[in-house]
C-alpha cells in the first residue's frame with residue numbers, strides 16, 4: 001500500500017514516520033510496539049516494548065541481505081558473501097538508517113533514558129530499526145519486508161560490494177560529542193616504536209582535555225581511528 | 001507437491017532422498033548442488049558445490065525458527081527466545097536431522113574426504129542440511145521452506161522449549177568411535193580438589209588406551225562430559 005493511499009487520520013502520531021518509511025501499517029499497534037523502548041515499560045502494566053520484535057527483525061534482515069547477495073553475486077564464494085553480509089548487517093549501518101529517518105524523536109522511552117542521551121544512543125536506534133523491520137514483516141508479509149530492507153539498505157549494500165565501507169570512528173566520535181555543544185577533540189601522538197617500515201604509533205584522544213581513549217596502529221591515522229573507537233566504546237558503556 | 005505426484009524417473013538418483021525429505025524438487029540441479037561437498041569440485045571444472053547454498057540456508061533456518069518462537073511463545077522475553085533459538089539452530093541438531101535421513105551416503109565428495117570419514121563428519125552433514133533448506137527455498141519459495149524446517153525441527157524445538165536438550169557428549173563420542181568397529185572407551189578420575197560442597201573433578205578419557213581428552217567439572221558426571229566434549233573437538237580438528 002502506498003503511503004498516499006494510506007488511511008490517515010491527520011492527527012495520527014505515526015503519519016510523519018510512515019511517510020519517511022514509505023510504509024503504511026494496517027496494524028498501527030505493531031509500529032507503536034516497535035517504537036517503544038524497554039525503559040518506557042518499566043513500572044507500567046501491559047506495555048509492550050520492542051525487544052521481541054528486534055529478535056525477529058534481525059532474522060528478517062539477515063535473510064533479505066543473504067538472498068540479495070546470493071542471487072546477485074553468483075561468482076562470490078561463501079566466505080566473501082559472509083564478509084559482505086557482516087559489513088551490511090551491523091549496528092553501525094542500522095544506526096545510519098535510523099539517523100536518516102530521524103528515528104530518535106519517535107521512540108517512546110523513559111525520562112531517565114532520554115536525559116542520558118537515549119534518543120541518540122546507537123544501540124537503541126539500531127534495535128529500533130530491526131523492530132520496525134519485524135513489524136512490517138508481520139503486518140505486510142515476507143516480500144514486503146524484504147523490499148523494505150533492500151530499499152533502505154541499498155546504499156550500504158553498494159558500499160559493501162565496492163569495499164567502500166570505511167569505519168570512520170573519528171567522524172563518529174565528533175558527531176556524538178557535538179550533540180552537547182561545541183567540544184575540543186584532540187589527538188596526541190604519545191610515542192612510536194619499531195623500525196620505519198614497521199613503526200607502531202600510540203595515540204591518545206581527549207575531549208575538552210579529558211582523556212577518553214588510547215589507540216595503536218601502524219600509521220598515525222590508524223592509531224587515531226583506534227583511539228576514537230576506544231573512546232566510543234567507553235561512552236557506550238558509560239551510557240549503559 | 002507431494003512426493004507421490006512427483007515426476008519420477010525410476011532411475012532417478014534422487015528418488016530415495018526426495019522421499020525421505022518428503023519434497024519433490026522441480027529443479028533437480030539444485031538438490032544436486034546441495035549434495036555436493038567442496039572436495040568433490042577440487043580440480044574439476046564447472047562443478048558447483050554447496051557452500052553458497054549453505055550461506056543462504058542458514059538465514060532461512062534462522063527466520064523460520066525465530067518466527068515460530070516469536071508467534072508461539074508470546075510470554076517469553078527476547079533473551080529467552082535467543083537462548084532457545086541457539087539450542088535449536090546449531091550444528092548438533094542439524095547433524096541429528098542429517099542422520100535421520102542417512103544423508104551421508106547421498107553426498108558427493110572426494111575419495112580422500114570419504115576415506116577420512118567425511119560421510120559421518122558432523123560439519124559436512126550439518127552444512128549439507130542447511131544447503132538443502134536453501135535449495136527448497138529457491139525451488140519452492142519461502143512458505144514451503146519454512147514448512148520444511150518446522151516439520152523437520154519439530155522434535156528439536158519441542159525439546160528446546162521443554163529444556164530437554166542435554167548435550168550428551170559421552171554418547172556422541174561412543175557413536176563416533178564405534179563407526180570403525182568395537183572400541184574400549186574409558187573415563188578415569190585423575191584427581192579431585194576442594195571442599196565436599198565445592199569439589200572439582202578432573203577426568204581423562206581414553207579410547208583403546210590412547211588419551212583423547214581431559215575435562216573438569218563440579219561432579220564426576222560433569223567432568224566426564226567435559227572430557228568427552230574435548231575428545232570430540234580434537235577428533236573434528238584432526239579430521240579437518
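The values are calculated or read from the model by the stated rules, or taken from the named source; none is laboratory data. These numbers come from a predicted model, not from an experiment. When we count neighbours, we look across all protein chains shown, and the Cβ atoms used for this are built from the backbone with ideal geometry, even at glycine.
Kindly indicate whether residue A:225 is outside the structural domain of residue A:122 (by TED's automatic domain parsing) and closer than 30 Å to residue A:21 by Cα.
So residue A:225 does not fit the description; no.
The set of residues from region B:222-240 being at pLDDT below 90 and out of contact with any helix residue (DSSP H, G or I) (no Cβ under 9 Å at 6 or more places or on another chain) comprises B:222, B:233, B:234, B:237, B:238. Scanning region A:47-94 for residues that are surrounded by 19 or more Cβ atoms within 10 Å (Cβ to Cβ) and in contact with a strand residue (DSSP E or B) (Cβ under 7 Å, 6 or more places away or on another chain) yields A:49, A:50.
Taking residues in region B:56-80 that are facing chain A (nearest Cβ under 7 Å), and partners anywhere that are part of a loop (DSSP other than H, G, I, E, B), the pairs with Cβ atoms closer than 8 Å and at least 6 places apart or on different chains are B:62/B:89.
Residues are listed down the side, and each one gets a yes or a no for (1) within 27 Å of residue B:28 (Cβ to Cβ); (2) more than 14 Å from the chain's Cα centre (by Cα); (3) in contact (Cβ under 8 Å) with a residue 24 or more places away in the chain:
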{"position": "B:124", "(1), (2), (3)": "yes, no, yes"}
{"position": "B:134", "(1), (2), (3)": "yes, yes, yes"}
{"position": "B:139", "(1), (2), (3)": "yes, yes, yes"}
{"position": "B:145", "(1), (2), (3)": "yes, yes, yes"}
{"position": "B:172", "(1), (2), (3)": "no, no, yes"}
{"position": "B:179", "(1), (2), (3)": "no, yes, yes"}
{"position": "B:194", "(1), (2), (3)": "no, yes, no"}
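In region A:102-114, how many are surrounded by 19 or more Cβ atoms within 10 Å (Cβ to Cβ) and either assigned to a helix (DSSP H, G or I) or on the phi > 0 side of the Ramachandran plot (or both)? Count: 3. Filter region B:78-91 down to the residues that are over 13 Å from residue B:127 (Cβ atoms) and out of contact with any helix residue (DSSP H, G or I) (no Cβ under 7 Å at 6 or more places or on another chain) and list them by number. Listed by number, the residues that qualify are B:79, B:80, B:83, B:86. Give region A:147-170 a look and list any residue that's out of contact with any helix residue (DSSP H, G or I) (no Cβ under 9 Å at 6 or more places or on another chain) and touching a residue at least 24 places away in the same chain (Cβ under 8 Å), or say none. Residue satisfying the conditions is A:151 alone.
Rundown of residues vs (1) part of a helix (DSSP H, G or I); (2) over 17 Å from residue B:91 (Cβ atoms), yes/no style:
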{"site": "B:31", "(1), (2)": "yes, yes"}
{"site": "B:54", "(1), (2)": "yes, no"}
{"site": "B:59", "(1), (2)": "yes, no"}
{"site": "B:75", "(1), (2)": "no, yes"}
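Each residue in region A:34-46 was checked for being within 14 Å of chain B (Cβ to nearest Cβ) and at pLDDT 95 or above, and 4 of them qualify.
When every residue of region A:115-122 is checked against the conditions, at least one turns out to be within 29 Å of residue A:180 (Cα to Cα) and either buried (at least 21 other Cβ atoms within 10 Å of the Cβ) or within 14 Å of another protein chain (Cβ to nearest Cβ) (or both).
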